[in-house]
1. Using r as the Cβ-Cβ distance of residue 124 and residue 157, and R0 as 22 Å, what FRET efficiency do you calculate, to the nearest 0.05?
2. Label points 7 Å out from Cα along the Cβ direction at residue 30 and residue 189: separation in nm?
3. Mind giving me the FRET efficiency for residue 77 and residue 20? R0 is 25 Å, r the Cβ-Cβ distance, nearest 0.05 is fine.
4. At residue 181 and residue 55, where each label point lies 7 Å from the Cα along Cα→Cβ, what is the point-to-point distance in nanometres?
5. Rounded, prolate or oblate: which fits the range 79-213 when a ≥ b ≥ c are the square roots of the eigenvalues of the alpha-carbon gyration tensor, with rounded for a/c under 1.5 and prolate only if a/b beats b/c?
6. Relative contact order of the chain: what whole-number percent is it, with Cα pairs under 8 angstrom and at least 6 residues apart?
7. Which of rounded, prolate or oblate describes the range 111-176 when judged by the alpha-carbon gyration tensor and an a/c cut-off of 1.5?
8. Can you give the helix-only mean residue ellipticity at 222 nm for the chain, where every DSSP H stretch with n ≥ 4 adds -39500 (n - 2.57) and the sum goes over all residues, rounded to the nearest 500 deg cm²/dmol?
């Protein structure tokens, strides 16, 4: 879908996605000490970017939907305000820069980031591969790349998500996408079961977590 379609989806007052971070983002990164600059590609309404910023990361969130970014900024402002009133550690603002850009044209600065997150960016391989390669190149020494998406197996064995096989992928696909994958240590490359409220079946997600160097 194009940016106008996503703008229409995000235009309502209610969140399209949960305000809470993705469960695999939390599972993979909760024990990771904030280490500087994080890049959240296809940030949408910003739920993962906000969670990272609340933990002390300096976050850049990129998306091609202006409506999604506007909603993300409002959500971040509300979260920061509540944190300040509750007297929790941190400032009354979160260190997040929102960037309106199409990932098909956006190229992050190589080696700049300590963490790059790509969460549920479902594109055909010809479009996905250059984005994943650019994401990998943006990771600096000792930094992490975390890619999460609807697994191809979800079509037959899972629930929800896109129904077009061409935009689904496996962990092996992501590893194959990367130019210079040997520069990374594989922390996880699995298909995981994600519980779906109200469904008797789990969704199947591809989760690839790599560390450079």
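Since every read-out is calculated from the coordinates, none of them should be taken as a lab result. Predicted model only: the values in this text are computed from it and were never measured. Neighbour counts are summed over all protein chains in view; Cβ atoms, including those assigned to glycine, are modelled from backbone coordinates with ideal geometry.
1. Numbers: r = 22 Å, r/R0 = 0.98.
About 0.50, to the nearest 0.05.
2. Reported label-point gap for residue 30 and residue 189 is 2.6 nm.
3. Working: r = 17 Å, r/R0 = 0.69.
That pair, residue 77 with residue 20, gives E of 0.90.
4. My value for the distance between the label points is 2.5 nm.
5. Working: a/c = 1.80, a/b = 1.18, b/c = 1.53.
It comes out oblate by the Cα gyration axes.
6. Details: 422 pairs, mean separation 35.4, N = 213.
Computed value for the chain: 17 percent relative contact order.
7. It is prolate, given that a/c is not under 1.5 and a/b is the larger ratio.
8. Values: 7 runs with 68 residues, N = 213.
The per-residue figure over the chain is -9500 deg cm²/dmol.
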